[in-house]
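Okay, so here's the structure we're looking at.
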Amino acid sequence: MSLTSPARDLLDRSHATIPLPAEDAEVLADLRTHAARFFTQDEETKLRHGSSDFNFGYRPYGRQYSVSPERPDMNSSFTYWANDPAKVPGHEADTVAPFLKAMARYWRVAAHAADQVLAGLAAHYGYHDDLQFRTSSYLEINWYLREPERDLLQDRHEDGHLFTLATSDGPGLEIETDGEMKQATVGDGRLLVMPGSVLTAMTAGHIPPLYHQVRNHQLQRRITTLFLVNPRLDRNIAPYATAGGEAVDVAALARTSGSMFGLPPAPVLAPPTV
Ligand SMILES: O=C(O)CCC(=O)C(=O)O
Ligand SMILES: [Fe+2]
């Protein structure tokens, strides 16, 4: 298998973008429409579709932070694990079912993009372990409303996964380039691939995490769609590379890295049976 260009870009400059074909861009647009319908419902309705540990479905504002619990991220979110709507409380209700169907359609798009990155990395590192990312990854939608006070809607951080595929419907995302935080110029219809701390551990430091933050442009609302790619979480896996030191337990790192942001351990889910 040849080295795909997103993997090449990750290795050369620590981030990459992946173009979305027109029909996939439509799937994304449809997901944003359904997300906006979900998030504009009242708080009580939304809370019915979140698990009490905040791993599945709706997560209200204030539960997640980037650096310190006193400065929560200025968004609520919705999390969809392993392409399994049944993990979301009340998943059959009209107040969430159309949104979940749109998530499932976008899952295929994002998983296909993740496949391209992972195939390229496997080719580069001569890697043969099956990472089973479809069982251990999740989609997350962030919903931001106009915020008059803060300069940053999310403080500078790195994500705690192999990588994140990110796309927003408005400006704000800034990424560290040559030591400076600069507006990410991703271009319409493309996904930004941001390496996270688990990929850094997997590559023995070769691919650093992409630090990023969200600038406040006083938008009325902003939607970010993230696909957070984890390796399998149920057992330890071989890293892509070792630096001769002690082997890192990558799966354990991926299960617990959310604690930096106030999140519970990642759920270890059974692989799909179909
Ligand atoms: O909203 C964005 O552009 C980025 C969100 C983000 O970095 C995160 O939720 O980890
Ligand atoms: Fe992030």
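FYI, it's all coordinate maths here, none of it is from the lab. The model shown is predicted, which means the values in this text are computed figures rather than measured ones. Counting neighbours? That spans all protein chains shown, and the Cβs are built from the backbone with ideal geometry, glycine included.
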Amide H of VAL268: which non-local residues (sequence gap of 5 or more, or other chain) have their own amide H closer than 5 Å, using H built in the peptide plane? none
Excluding residues on the same chain fewer than 8 positions from LYS46, give the lysines whose Cα lies under 28 Å from its Cα. LYS87, LYS101
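Around GLN116, what is the net charge, scoring Lys/Arg as +1 and Asp/Glu as -1 over all other residues with Cβ under 12 Å from its Cβ?
On the way: positive: ARG8; negative: ASP9, ASP115.
Neighbour charge sum, excluding GLN116 itself: -1.
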Tell me the Rg and the Dmax, in Å, that the Cα atoms of the chain produce. 17.7, 54
Cα-based Rg then Dmax for segment 90-141, in Å, read 14.7, 47
Residue-wise HN-Hα coupling along segment 27-42, computed from phi with Karplus coefficients 6.51, -1.76, 1.60 (Hz; x: Gly, Pro): 4, 5, 4, 5, 4, 5, 4, 5, 4, 4, 5, 5, 6, 7, 6, 6
Phi to ³J(HN,Hα) by Karplus 6.51 cos²θ - 1.76 cosθ + 1.60 over segment 144-159, Hz, x for Gly, Pro: 10, 10, 4, 10, x, 8, 8, 6, 10, 7, 9, 6, 4, 7, 10, 7
